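To start, the structure itself, in structure tokens.
Nothing in this text is a laboratory measurement; each read-out follows from the coordinates by a stated rule. These figures come from a predicted structure and were not determined experimentally. Don't worry about glycine lacking a Cβ; one is built from the backbone with ideal geometry, like all the others, and counts go over all protein chains shown.
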Amino acid sequence: MTSAIAPRLFSQCLQRACRPKRLPIPHKIRRAASSKHPQGFLPPTQEDLNELRESVREFTRREIPEEIAAKTDRENEFPMDMWQKLGSAGFLGPTADEQYGGLAMGYQAHCAIMEELSRASGSIALSYAAHSQLCVNQLMLNGTPSQKQQFLPKLLSGDHIGALAMSEHSAGSDVVSMKMTAAEVDGGYILNGTKMWITNGPDAHIIIVYAKTAPSEGSKGVTAFIVDTTSPSTKKGFSVAKKLDKLGMRGSNTGELVFEDVFVPAENILGKVNKGVKVLMEGLDLERLVLSAGPLGIMRACLDITLPYTHTRTQFGIPVAHTQLLQSKLSDLYTKYLSSASLTYSIASSIDNGTPSHFSTPHSLFPEATVPDGGSDGRDPVIKTQDCAGAILYAAERATECALDAVQCLGGMGYVNEVAAGRLLRDAKLYEIGAGTSEIRRVVIGRAFNRMYAQR
């Protein structure tokens, strides 16, 4: 796969070099466009994205056929050699700088990779997202040059596995109520506490961990740390309490992590002390956007199994797809996928191009809003919280509906484990719960409206 990617990158460089010079872009817009991208980022062309998507499809046909996806689910074990295969293919750092081994292609590319991997295996794709978005992209957005140089190359090659540890038993949706502490000592901090529901946690070498450095300060007392589980000082107090046996996304190894007097050097602070919530928020909207591509892949997989079956299964002398009731379900499957994909990719495109989409601009949809474009509330002027939350809210709920319809369209065959429909349903449901529940996403959108219409 490496040989296939190299000419693609070479041709991409040629295309960019030959592009006509653009008209000057206002400084404010240019700054907004680059705030979540590597230095010198240029948005990919549609040809770039099509080529990347085809590379991922080729990869999944070869490396994640149905037998591998079914085995991963059945045995609840991630195929560990997959990490280096993904790294060799160049897929682990779509938003990371090329100098560290990334593609530097932006969020449309990240969504395309996530969708195609999810189409092959929801659980493998979920672990991929935890690594490439929650860990790698957080380091890209908030890491120092030395932190990036130290951690990113092995994460992007697949030699190291990444994770993010934020949630706890009693701190899920209300994550700022976390109990984990980080006490300052000579040369660094001592971490004590537990983290729960951590995707890739049982396998991770590099974990971004949030802990209270000033417990009495609430959200203003949280700090983000880079924990290297391969470090001798970490190994003494770090352990995995248990790997979880989940309903769906089986094989996306998830567990409870225990930190007992784990020393983290001061140079491994991500961002600033007591500014961990800023680090968290820096990536949260983008996390929601990239993860919204997971349900897209599941919906595509539903179509992959449903359309051929219903056109070959005959009853009363005709294919069942020729009956109006089944045509209704099939058309709904397709329309739900298409509308969800349009929402996700239009938002990703607006972020990559640095131009707010028409539906995210207060002046077009919200003429009475008091928050103008440009992020006067300190948020990125291009990345809209309500849009990213809306993308995953809509796609997640539609994916569950599509998976239920896929089971129904297949009838008895949809209810046996030899067919993927049941796995798709179990995997789809996770996206209504993980990374913020559907209920919390609605709250997030509502609060965004509250900010827009706040009295000043």
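Contact order, relative form, for the chain: 15 percent (alpha carbon pairs under 8 Å, 6 or more residues apart, mean separation divided by residue count). Quick one: P(r) of segment 142-199 from all Cα-Cα pairs, 10 Å bins, percents rounded to integers, in order of increasing distance. Reading upward from the zero bin: 20, 32, 40, 8. The relative contact order of segment 220-282 comes to 51 percent, based on Cα pairs under 8 Å that sit 6 or more residues apart. Counting Lys and Arg as +1 and Asp and Glu as -1 over every other residue whose Cβ lies under 14 Å from the Cβ of Ser170, the net charge comes to 0. Once volume of the Cα convex hull per residue in Å³ is calculated for the structure shown, the corresponding label among [x] 265; [y] 156; [z] 165 turns out to be [y]. Placing pseudo-labels 7 Å out from each Cα toward the beta carbon at Gln84 and Glu66 gives an inter-label distance of 3.0 nm.
For Arg53 and Ser173, what does the FRET efficiency come to when R0 = 35 Å and r is the distance between their Cβ atoms, rounded to the nearest 0.05? With R0 = 35 Å, the Cβ-Cβ based efficiency is 0.55. For Tyr189, the residues whose amide H sits under 5 Å from its own are Val264, Ala266, ignoring neighbours fewer than 5 places away on the same chain, with H placed 1.01 Å from N. Residues whose amide H falls under 5 Å from that of Met249, counting only those 5 or more places apart or on a different chain, are Asp427, with hydrogens built in the peptide plane. With the charge dipole of the chain set up from +1 on Lys and Arg Cβ and -1 on Asp and Glu Cβ about the Cα centre, the Cα lying farthest toward the positive end among the listed residues Ala396, Ser342, Thr181 is that of Ser342. Rounded to whole numbers, the Karplus 3J(HN,Hα) couplings from phi for segment 46-58 are 5, 5, 4, 5, 5, 5, 4, 4, 5, 5, 5, 4, 4 Hz, using 6.51 cos²θ - 1.76 cosθ + 1.60 with θ = phi - 60°, and x at Gly and Pro. Considered as an equivalent ellipsoid built on the Cα gyration tensor, segment 87-152 has semi-axes of 21, 11, 10 Å, the largest given first.
For Tyr453 and Ala241 in one chain, what is 0.36 nm times their gap in residues minus the Cα-Cα distance, to one decimal in nm?
Numbers: separation 212, 0.36 × 212 = 76.32 nm, distance 4.57 nm.
Extra length available between Tyr453 and Ala241 comes to 71.7 nm.
About its Cα centre, how strong a charge dipole does the chain have in debye, to the nearest 20, once Lys and Arg get +1 and Asp and Glu get -1 at the Cβ?
On the way: 48 positive and 47 negative charges, 169 e Å.
Roughly 820 debye for the chain.
What the phi angles of segment 341-353 give under the Karplus curve with 6.51, -1.76 and 1.60, with θ = phi - 60°, is a coupling list of 5, 4, 5, 4, 6, 5, 5, 4, 5, 5, 5, 5, 8 Hz, glycine and proline written as x.
On C-alpha positions alone, give me the angle between the axis of helix 66-75 and the longest principal axis of the chain, in degrees, nearest 10. Tilt of helix 66-75: around 60 degrees.
When the Cα atoms of segment 273-358 are aligned to their principal axes, the ranges along those axes come out at 69, 28, 16 Å in descending order.
In this label model, Glu184 and Ser146 are separated by 1.8 nm, measuring between points 7 Å along each Cα→Cβ vector.
Backbone phi angles across segment 310-326, fed through the Karplus curve with coefficients 6.51, -1.76 and 1.60 (θ = phi - 60°), yield HN-Hα couplings of 6, 8, 10, 6, 10, 9, 6, x, 9, x, 4, 5, 8, 8, 5, 5, 6 Hz in residue order; Gly and Pro are listed as x.
Restricting to bridges with both residues inside the chain, how much of the DSSP beta-bridge set is antiparallel, in percent to the nearest 5?
Values: 31 of 36 bridges.
About 85 percent, rounded to the nearest 5.
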